Structure formats: structure tokens, C-alpha cells
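Inspection log for the structure reproduced underneath, given as C-alpha cells.
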Amino acid sequence: MIAGLPDIDQHDTKPGMSLEAMREQCEEQLTAYDKKLLFYFFLRFDCVNLVKLLKNPEAGIDQWGNFSLDQLRDLITSATELNFNVHRYPSFMSIFAREYAFNKDKAGYFPEDEMAYEFLDYAIRTCPSRMMRRWYKLNLDITNILTAMLARKQGWSVSDFIKGDGEVQEMIRENKTKDFNLSHELDYIPQLMKIVDEKDPVRKEKMIDAFRWIWLDERIFFEPFSMEAVFAYLCKLEMQERWAKLDVERGKETFQKIIDDLRSEAQVPEEFKVQSVSQQKTL
């Protein structure tokens, strides 16, 4: 399946194939266990759809979720009217739906942000794939770090905006240094600090996606025909669909420069260098 997929290049601003076509291939060719892994990729769309329906029961929903409109309405009804968590849905979704009415009018409550955190926390705790858990942990850490840096620039209380209770979150809340003393723990902190200083919001978003793209490439480098590679491919397709909305030539030129800058700054772990040389000799 992977060998037959179109090549994806991070410099292209047009998707190599559609998410719909990729999903059809996954449905036709993957095992039941593999599909359970990809459930996590599509669950994020379900979470977005759930918030839409809680805010407006007549809202349209995104087609990429695991659950249909009727299923999501069933989840909401079961959670809010019957006070029941239906087992076929992740329990955090039912809890969120039940508590929404009590939280929606609170100052500083942003349901999209709260649901995004609940999804990431669920994926980090329950996903069977170590690589995928690390991906979701990376996204949570990036969100918290960038949010903290922006809050500090605005003179806001950093701890009010941080989600979760892990080691990284604790360091962000308690440390007053410029990098929250995280440079010793996370080697990508200097790159994030550069991203947060970017003034152009479009370029900033593309810098974040470029960073994520490189991270995915590095994690599947030695396992290009794994389920994790399928997951990475889906993540890249989603990024490409966002980039396709930008001007093609401007987007390609901008992203090319971002990738070159990030790669020149990235430090390749020594074990990657050793293994790469070893593979080349073997070939």
C-alpha cells in the first residue's frame, strides 16, 4: 500500500492525493487492528464536530470524523438527558458534552481549546502506538510552549493558559527564565522561540507545520513501511490541504525557505548518523 502512494514533498503546496482517497485505501487494505490506530487520527475531527453541535444543534459537521451526525447526536442526548456514557464513544466526549451547559457561559472558557486538550490527553494516555503517543505529546507541548511565550510577551499570567499536569507543564508554570529551562529537556526549544517571534501569522503557521513535518520524517526514517508511516502520511496530507489554500508560488517559495532554515538549525542525533552510515555501507 505504502509503495503505491504518491510521493509527498514538503515543498509542494498542492496535495499529492486527497484525504478521501487515502482513507478509501486504508479502509480497503488495512487490518482491523491497524484501523483502530487510525481511529485516533480521525477522532480529532469528531471532537471538532461535537463542539460545533453543542454550540449549534443544526450545524453542519466535517466529513472526516469516525462518527456520523446521528451518532454524535446520540452521544449528546445520552450524555445530557440520560446522564450516560455510551461505551462506543470515548468517555471524555460524553463528559465534555454533559458539562458543556455548565461551562459555556463562564468567562475565559473556550470550548474548542478545552476539547483540543481533552483529545490530546486521551490520545497520549491510550493510543497503542508509541510513535503516535509521542506525536500527540509533541503537539501538546508545542501548544503549551508557544502559548506560554505569547502570554509572557503580553504580560499575562502564564499558568492560566497551560493545559495538563506533566513535567513540561510544571516547568512552564514555575520557571521564569526565557526558555522556561526547557532547552536542556527538549532540543527543539530554540526553534520554537524563533517561531514565536515571527510577525507574519501565515508564515508562523507554516513554520510550525514545517517543524512537525520534519519530526514525522525523522520518526519513520527507519520504518518507511510501518503503520506509523501511514499515520505520518495522513498527517502530511492534512498539512498540504491547509497549504493549498495559500497562493501557490508564494507558498512554495516561503515553505522552501522555512524548511531550509529549520534543517540547517536542527541537530541530528549521533545515533541517526551512525545508523545512516551503516545502512549506506550495507546497501
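The values are calculated or read from the model by the stated rules, or taken from the named source; none is laboratory data. All figures in this text were calculated on a predicted structure; none of them were measured in a lab. We place every Cβ from the backbone using ideal geometry, glycine too, and count neighbours over all the protein chains shown.
Things worth noting here:
- Residue selected from segment 185-222 under the condition over 14 Å from the mean Cα position of the chain (by Cα) and of a type in the set (Phe, Trp, Tyr), by the criterion modelled with the highest pLDDT: Phe221
- Note on segment 3-33: residues that are more than 18 Å from Gln240 (Cα to Cα) and in contact (Cβ under 8 Å) with a residue 24 or more places away in the chain amount to 5.
- Residues satisfying the stated conditions in segment 1-53, i.e. closer than 19 Å to Leu75 by Cβ and among the aliphatic types (A, V, I, L, M): Leu43, Val48, Leu50, Val51, Leu53
- Elements of type helices (runs of 4 or more DSSP H) contained in segment 166-223, each with 3 or more residues being over 20 Å from Gln10 (Cα atoms) and in contact (Cβ under 8 Å) with a residue 24 or more places away in the chain: 167-174, 189-196
- Where a residue in segment 125-137 is assigned by TED's automatic domain parsing to the domain that holds Lys163 and its partner, wherever it lies, is of a type in the set (Val, Ile, Thr), with Cβ under 6 Å and at least six apart: Arg133/Ile124; Tyr136/Ile124; Lys137/Ile124
- Single residue of Ile145, Ile76 found to be assigned to a helix (DSSP H, G or I), in contact with a helix residue (DSSP H, G or I) (Cβ under 6 Å, 6 or more places away or on another chain) and within 30 Å of Lys194 (Cα to Cα): Ile145
Listed here are the residues, each with its yes/no results for (1) of a type in the set (Phe, Trp, Tyr); (2) at negative phi; (3) more than 26 Å from the chain's Cα centre (by Cα).
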site	(1), (2), (3)
Leu54	no, yes, no
Asn66	no, yes, no
Ala79	no, yes, yes
Phe92	yes, yes, no
Ala97	no, yes, no
Ala101	no, yes, yes
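- In segment 107-127, residue farthest from Phe96 (Cα to Cα) [restricted to those that are surrounded by 15 or more Cβ atoms within 10 Å (Cβ to Cβ) and among the hydrophobic types (A, V, I, L, M, F, W, C)]: Cys127
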